[in-house]
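Structure, as structure tokens:
Quick note: the coordinates plus some simple rules give every number you see, no bench work behind them. Not measured: the values here are computed from a predicted model. No Cβ is skipped: glycine too gets one built from the backbone with ideal geometry, and neighbour counts run over all protein chains shown.
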Amino acid sequence: MTDGRVLVITGASSGIGAATARAAAAAGYRVVLAARRLDELEALAESLGGDGTALAVGCDVGRWEDNERLVRWAIDAFGRVDAVFANAGFGASYSFLDDDPETWRAMLTTNVLGAGLTIRAALPHLLERGDGHVLLTGSVAGRVALPGSMYSVTKWAVTAMAEALRAELRRTHGNHGIRVTLINPGMVETPFFDPLRDSELALSAENVVGAVMYALDQPVNVDISEIVIRPSGQSV
């Protein structure tokens, strides 16, 4: 049982984020849904029960003030935040020669800075409480460098971010109650992968959500530090 725990999810309008929201709400969580596409978020929140169960917050994770507002509204609405899933991100084609530098800039802002800002906004509340859970969406590409892939670079950064956060919590703050989990999917059949998708190889978003819920549902003394989940046919 979750006792109505509160889970904040960025990138919640589709894919892994939306699927996590549905699974978490079904398990008894109250969910705070964040993304730039507010219309889709509001429809999802309504489908999950609306007020008292799900809150939709328009949020560009690359903007500090949006992350501050997201956490503040979550606390105002539900009284607390128990877990934060920094899931927002997007990819691009793989070429240092051919990719658009402005796409790189946006991707670095969302995938790396955005995850960091979400953590920064939630951390004071979690430290005040002394417990909680931070989850980040990494990638297999954050463990195996893909040729010419700035996306891979961003996900290596997210891998480091998870380790750096855990080290700060334990060594700097002496905190052992806030858990940190890095979720590393391989190819997932979501809108994220539309340009590159091979549906015969891809995981479903629900396959990944199973790993997210497994990490969330462990006893408080168990910290699942990292989960790598690949389609069985993926070679990398």
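To test your reading of the geometry: what angle, between 0 and 90 degrees and rounded to tens, separates the Cα axis of helix 150-167 from the longest principal axis of the chain?
Once rounded, the angle reads 30 degrees.
Among Leu201, Leu33, Leu216, which one shows the highest mean-square fluctuation when the chain is modelled as a Gaussian network with alpha-carbon springs under 10 Å?
Leu201
Starting from the coordinates of the alpha-carbon atoms of the chain, obtain the Kirkwood hydrodynamic radius over all distinct pairs and give the value in Å to one decimal.
Evaluated over the chain, this radius sits at 17.7 Å.
Looking at the chain as a GNM with Cα springs under 10 Å, which of Arg120, Arg30, Arg170 has the largest mean-square fluctuation?
Answer for the Gaussian network model of the chain: Arg170.
Just in segment 60-119: which chymotrypsin sites (Phe, Trp or Tyr not before Pro) are loop by DSSP and have at most 16 other Cβ atoms within 10 Å?
Sparse-neighbourhood loop chymotrypsin sites (Phe, Trp or Tyr not before Pro): Phe90, Tyr94, Phe96.
May I ask you to compute the full-extension gain from Asp217 to Thr103, defined as 0.36 nm times their residue separation minus their alpha-carbon distance, rounded to one decimal in nm?
Roughly 37.4 nm would be gained on extension.
Could you tell me which of rounded, prolate or oblate describes segment 1-70, using a ≥ b ≥ c as the square roots of the eigenvalues of the alpha-carbon gyration tensor, with rounded for a/c under 1.5 and, failing that, prolate when a/b is larger than b/c and oblate otherwise?
prolate
Of the residues Thr154, Thr118, Thr53, which exhibits the maximal mean-square fluctuation in a Gaussian network model of the chain defined by a 10 Å Cα contact cut-off?
Among Thr154, Thr118, Thr53, the largest GNM mean-square fluctuation belongs to Thr53.
For segment 100-236, what does the alpha-carbon gyration tensor say about shape, rounded, prolate or oblate, given a ≥ b ≥ c as the root eigenvalues, a/c under 1.5 as rounded, and a/b over b/c as prolate?
Oblate, since a/c reaches 1.5 and b/c is not below a/b.
Just check segment 40-172 against the gyration tensor rule for me: Cα atoms, a ≥ b ≥ c as the square roots of the eigenvalues, rounded for a/c under 1.5, and otherwise prolate or oblate depending on whether a/b exceeds b/c.
Because a/c hits 1.5 or more and a/b fails to exceed b/c, segment 40-172 counts as oblate.
Helix 114-129 versus the longest principal axis of the chain: what angle, 0 to 90°, nearest 10, using Cα atoms?
It works out to around 20 degrees.
So what's the back-of-envelope 222 nm ellipticity for the chain, counting only DSSP H runs of four-plus at -39500 (n - 2.57) apiece and dividing by all residues, rounded to 500?
Value at 222 nm, helices only: -12000 deg cm²/dmol.
Mind checking the full-extension length gain between Ile75 and Ala164? Use 0.36 nm per residue of separation minus the Cα-Cα distance, one decimal, nm.
Residue separation times 0.36 nm, minus the Cα-Cα distance, leaves 29.5 nm.
Just order 122-128, 12-18 by mean Cβ neighbour count inside 10 Å, highest at the front, would you?
Output ranking for 122-128, 12-18: 12-18, 122-128.
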